[in-house]
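**Student:** Provided herewith is a single structure, encoded as structure tokens, for subsequent inquiry.
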Amino acid sequence: MPRSITHGSFTIIRHWNHAPTRVFDAFAKQDAKAKWFAGPPGCQLYDKSFDFREGGRETLSGKHADGKVTTFDCVYRDIVAPTATEAGRIIYSYVMHLNGTKISVSQAAVEIVPETGGTKLVLTEYGDYLDGYDDAGSREHGTNWLMDTLGKSLEG
Amino acid sequence: MLNYQLDKAFAALADPARRAMVERLVQGPATVSELAKPLPMSLPAAMLHLKVLEESGLVTSRKLGRVRTCRIDARVLSQAEQWVGERRQMWERSLDRLGAYLDQTKPEDQG
């Protein structure tokens, strides 16, 4: 596998009719975050740590249904809690490993913005994806992703 | 560049007839007439849709004798697009779960 870096970024925006402080808490409290920040269905999580403060670290490993093991290793860089009227944010950098191989180094910013009736969440991630796609089934994977996305767009 | 090819792919998929063709092709290669048959349109109209899919890079076709056979081509999703797509999808799913969690745990006094 040749050494390479592929750069990419994306933004996801969500609107929820929930208070910004509740959205923030869902990131800030370990038991709340465990309710939604998990791998795909069938993924068994282990080796968890959670230290939500600037400079603090969060790690999570998961064994997927197909046997592959991914680990998420994150350091929180900037944490500002929102108020009812002012936006908050969480910025962290993280490294992902797949079966022991480092596959990406990313930075993500989560903005939690109060808006009428609730919260706007803006997640922007920039990633350096390392050394190509280490998976012989990558084309199949791409198709599956495309179909999943297509399916979701049809449902919505 | 990264998002341009993806934009073309999604624009091509914005039409129900073209989605039906892609869904058929995911199951395996098919001839133009096989693709057109279940659709409520003429063969020339179906061929125009096929042309859009080919231009998006999602579908390739090859003519053998008088029969043109089409197949899905996932290479349109470059390595970077696959990466970004998968990471994005992971986040979309997580945020779906977060939204559901917030709904379930909403305190009553916030109506």
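**Student:** Name the residue that is surrounded by the fewest Cβ atoms within 10 Å (Cβ to Cβ), counting only residues in the stretch A:78-89 that are assigned to a strand (DSSP E or B) and touching an Asp or Glu at 6+ places or on another chain (Cβ under 7 Å).
**Tutor:** Applying the filter and picking the extreme gives A:ASP78.
**Student:** Hey, another quick one. What's the total number of residues in the stretch B:6-28 that are surrounded by 16 or more Cβ atoms within 10 Å (Cβ to Cβ), under 20 Å from B:THR69 (Cβ atoms) and of a type outside the set (D, E, K, R)?
**Tutor:** Within the stretch B:6-28, residues that are surrounded by 16 or more Cβ atoms within 10 Å (Cβ to Cβ), under 20 Å from B:THR69 (Cβ atoms) and of a type outside the set (D, E, K, R) number 5.
**Student:** Every residue in the stretch A:1-49 that is basic (Lys, Arg), part of a helix (DSSP H, G or I) and more than 7 Å from every other protein chain (Cβ to nearest Cβ), please.
**Tutor:** A:LYS33
**Student:** Here is a further query. With the requirement that a residue be among the aliphatic types (A, V, I, L, M) and either in contact (Cβ under 8 Å) with a residue 24 or more places away in the chain or more than 23 Å from B:GLN89 (Cβ to Cβ) (or both), what does the stretch A:16-56 give you?
**Tutor:** Residues satisfying the conditions are A:ALA19, A:VAL23, A:ALA28, A:ALA38.
**Student:** Test B:GLU23 against the criterion of being at pLDDT 90 or above and either of a type outside the set (A, V, I, L, M, F, W, C) or closer than 30 Å to A:TRP16 by Cβ (or both), and give yes or no.
**Tutor:** Answer is no for this residue.
**Student:** Now for a separate question. Mind checking which residues of the stretch B:68-100 are at pLDDT 90 or above and part of a strand (DSSP E or B)?
**Tutor:** B:ARG68, B:THR69, B:CYS70
The values are calculated or read from the model by the stated rules, or taken from the named source; none is laboratory data. Everything numeric here is computed off the predicted structure, so don't read it as measured data. All Cβ positions, glycine included, derive from the backbone under ideal geometry; neighbour counts span all protein chains shown.
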